[in-house]
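Report on one structure; see the data block that follows.
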Amino acid sequence: MPDKYPFKEVVEKEFRERLKNKGWLLVDLFGHSCAPCTSRDAEKNVVNELQNYQPPIESLRMDVEKGEGLLEEFQINGIPTLILFKDGRRRGQFVDIPDEDGQNVLDWLKAELT
């Protein structure tokens with residue numbers, strides 16, 4: 001059965017390990033109690049587009065309610081929030097509800113990747 005959420009859900013320890021890797025990493029910080037965070041149609045469209053990017057962009061999601069201190073560490077004032085990392089360093093942040101088709105996220109990503 002395919003994963004309901006196209007971003008792979010990880011716990012904080014795995015997230016921290018992935019940050020040590022080289023390359024691009026897109027992280028969706030969400031909360032199970034956040035209604036906009038549970039709608040994933042836009043996320044599926046974004047992940048489908050990400051498959052065409054070179055170099056590849058890994059996509060993860062993490063429940064901030066399980067990651068102690070993440071909101072403060074990354075200065076997150078609201079969720080859902082997407083953070084783009086390159087070689088472990090934060091390159092950009094998207095704080096908004098994605099359009100139905102995720103186009104506003106894709107536009108943001110394209111701007112960050114250029």
Exercise for the section: Report those strands (runs of 3 or more DSSP E) wholly inside region 55-114 carrying at least 3 residues which are within 14 Å of the chain's Cα centre (by Cα) and surrounded by 19 or more Cβ atoms within 10 Å (Cβ to Cβ). Expected result: 57-63, 81-86
Practice task
Can you work out which of the residues in region 9-54 that are hydrophobic (A, V, I, L, M, F, W, C) and farther than 18 Å from Glu112 by Cβ is nearest to the chain's Cα centre (by Cα)?
Solution key: Phe30
Handout entry: region 76-103 residues that are more than 20 Å from Phe15 (Cα to Cα) and in contact (Cβ under 8 Å) with a residue 24 or more places away in the chain, paired with ones that are of a type in the set (Gly, Ala, Ser) and not in a strand (DSSP E or B) (beta carbon under 8 Å, 6 or more apart)
Key = Pro98/Ala42; Asp99/Ala42; Glu100/Ala42; Asp101/Ala42; Gly102/Ala42
Handout entry: Tabulated pairs, region 1-15, first closer than 20 Å to Pro56 by Cβ and surrounded by fewer than 17 Cβ atoms within 10 Å (Cβ to Cβ), second at pLDDT 85 or above and not aliphatic (A, V, I, L, M), C-beta under 6 angstrom, 6+ apart or interchain
Key = Glu9/Arg61
Exercise for the section: Taking the residues in region 20-43 that are surrounded by fewer than 20 Cβ atoms within 10 Å (Cβ to Cβ) and within 16 Å of Val64 (Cα to Cα) as candidates, determine which candidate is modelled with the lowest pLDDT. Expected result: Thr38
Problem - Meets criteria (surrounded by fewer than 13 Cβ atoms within 10 Å (Cβ to Cβ), part of a helix (DSSP H, G or I) and at pLDDT below 85) for Asn48 - result: yes
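The values are calculated or read from the model by the stated rules, or taken from the named source; none is laboratory data. Note that the coordinates shown come from a computational prediction; the quantities given were computed from them, not determined experimentally. Glycine gets a Cβ as well: all are built from the backbone with ideal geometry, and neighbour counts include every protein chain shown.
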